[in-house]
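Sharing a structure, written as structure tokens. Questions coming.
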Amino acid sequence: MRLQKYLAHAGVASRRAAEEFIARGRVRVNGKAVTKPGTLVGPADRVEVDGRLVAAADAPRYLVLNKPPKVMTTMRDPGGRRTVASLVPREFGRVVPVGRLDYDTSGVLLMTDDGDLAYILTHPKFGVEKTYRAVVRGRLQAEDVRALLEGIKLEGERSQPAKVRVVRTSGASSEIDVTIHEGKNRQVRRMFEATDHPVVSLVRLRFGPLSLGELPVGHWREATDREISALRRVGREARAELDAKEAG
Ligand code: URA
């Protein structure tokens, strides 16, 4: 879309006035002042007027939800269980969850209507890094940590090596942060089952550049500009990685 049209659609000014803004060097695209009115911009571009970010009228939305346990990561549940749709305002209309957290898992869940990004972030050949805090039964032993670090056999298929940080351990239970790239079904739970330390509770602390921070359970926030830029960068890198794989 031409820059002046983008600005007009976003409600910044009329198209004529937007052309003036551009001619006066008040508009920057991806950090560079643009004075040519016909410059083409798209949803991935960062457009600023007088240093203020301008979101396109139909710009995709990115929400970070702290999903509670006992909630389905779907927009509808034929079984009538509570879903993440009930936790985000209707005005966000078409956002859908990116990937899935188990019914009993809580934590960071990205919801967006940016279909391209959602597709690439959940593509099985590309895994965004995710960190989970698991409380597991019993005292985790050094050999269990080693097994997790090396990758564990899950139904004949080896999970990729995980990054592991033991937060605390006692006789009754242990608390561990696990970082993985993959997104196999119930992966973290199955990894700990394989070490004979079943998961008692599981919280996703991080999904790529998105962190849980202080967001209370059941609450959402809009991703910050910085997070959105980082998500798009991850998306671009993933796309390049996939293209390279497909090219052989
Ligand atoms: N691994 C799991 O076991 N469950 C989740 O919800 C996410 C990752």
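What residue among Leu154, Leu121, Leu101 has the largest mean-square fluctuation in a Gaussian network model of the chain, using Cα springs under 10 Å?
Comparing Leu154, Leu121, Leu101 in a Gaussian network model of the chain, the most mobile one is Leu154.
Among the trypsin sites (Lys or Arg not before Pro) in the stretch 169-202, which ones are in a DSSP loop with at most 16 other Cβ atoms within 10 Å of the Cβ? Mind listing them?
Answer in residue order: Lys184, Arg186.
For the stretch 96-113 and the stretch 1-30, what is the separation of their Cα centres, given in Å?
Measuring centre to centre over Cα atoms gives 36 Å.
Which part of the stretch 69-91 falls in the paramagnetic zone of Tyr103, meaning amide N under 14 Å from the point 7 Å along Cα-to-beta-carbon?
69-74, 77-84
Name the chymotrypsin sites (Phe, Trp or Tyr not before Pro) in the stretch 153-248 that are in a loop by DSSP and that have at most 16 other C-beta atoms within 10 Å, would you?
When the chymotrypsin sites (Phe, Trp or Tyr not before Pro) of the stretch 153-248 are filtered for loop state and at most 16 Cβ neighbours within 10 Å, nothing remains.
Above 27 angstrom, tally the Cα pairs of the chain and express them as a % of all pairs, no decimals.
Taking all Cα-Cα pairs of the chain, the fraction more than 27 Å apart is 48 percent.
Then there is this: Hey, what do the phi angles of the stretch 142-150 turn into as Karplus ³J(HN,Hα) couplings, whole Hz, using 6.51/-1.76/1.60 and θ = phi - 60°, x for Gly and Pro?
Result, ordered by residue: 4, 5, 5, 4, 4, 4, 5, 5, 7 Hz.
Here is a further query. Give, in nm to one decimal, the length gained when the segment between Asp225 and Lys32 is fully stretched (0.36 nm per residue of separation minus the Cα-Cα distance).
Answer, rounded to one decimal: 67.8 nm.
If we sort 104-110, 194-200, 91-97 on the protection proxy, mean other Cβ atoms within 10 Å, highest first, what's the order?
Taking the mean over residues of other Cβ atoms within 10 Å, the ranking is 104-110, 194-200, 91-97.
The numbers here are math on the coordinates, done by the rules we state, and not lab data. Every value quoted in this text rests on a predicted model; they were computed, and no experiment measured them. Reconstructed Cβ throughout: ideal geometry from the backbone, glycine too, with neighbour counts over all protein chains shown.
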